[in-house]
1. By how many degrees, 0 to 90 and rounded to 10, does the Cα axis of helix 12-21 deviate from the longest principal axis of the chain?
2. Starting from the Cα of A22, step 7 Å toward the Cβ, then list every residue of segment 68-89 with an amide N under 13 Å from that point.
3. Find the all-direction average of the projected area of the Cα convex hull for the chain, expressing the result in square nanometres with one decimal place.
4. Mean separation of Cα pairs under 8 Å and 6+ residues apart, divided by the residue count of the chain: what relative contact order is that in percent?
5. Once amide H atoms are placed 1.01 Å from N in the peptide plane, what residues at a sequence separation of 5 or more from D96, or on another chain, have their amide H within under 5 Å of its amide H?
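Every number in this text was worked out from the coordinates using simple rules, so none of it is lab data. No experiment lies behind these values; they were computed from the predicted model shown. Here Cβ is always computed from backbone atoms with ideal geometry, including for glycine, and neighbour counts include all displayed protein chains.
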Amino acid sequence: MIVVTGTKRSGTSMWMHVLVAAGIPYIGERFPAGWGELLRDANPDGFFESELMIGINYRTNPHPLTGAYLAPHQTRDHAVKIFIPGLIRSDVAFLDRCIATVRGWR
């Protein structure tokens with residue numbers, strides 16, 4: 001997988017927009033710019049979220065409700081947004097590439 005991760009408000013959704021625009025398949029949902037009053041102000045271009053944001057491991061794969069299984073070799077070229085704690089918990093078999101962004105602390 002191509003994992004996009006980073007600190008809050010650091011540009012992870014922007015990276016997801018870039019990868020999807022380049023034709024990379026993605027895992028998760030794209031929420032449009034108009035989704036939710038509070039969130040629209042936070043990111044006017046919309047954002048990407050995934051059920052895998054807490055990591056891809058035994059708790060999330062297979063999916064706890066549907067039983068759908070993601071195999072490492074089938075998802076190698078897919079982009080997914082995973083929060084930093086989830087990246088640490090992820091099975092290394094799924095981690096092919098990682099784009100990490102950090103926002104300045106000030």
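1. Between helix and principal axis, roughly 70 degrees.
2. 77-80
3. Average projection, Cα convex hull of the chain: 7.2 nm².
4. 46
5. Residues meeting the criterion, in which the H sits 1.01 Å from N, are V3.
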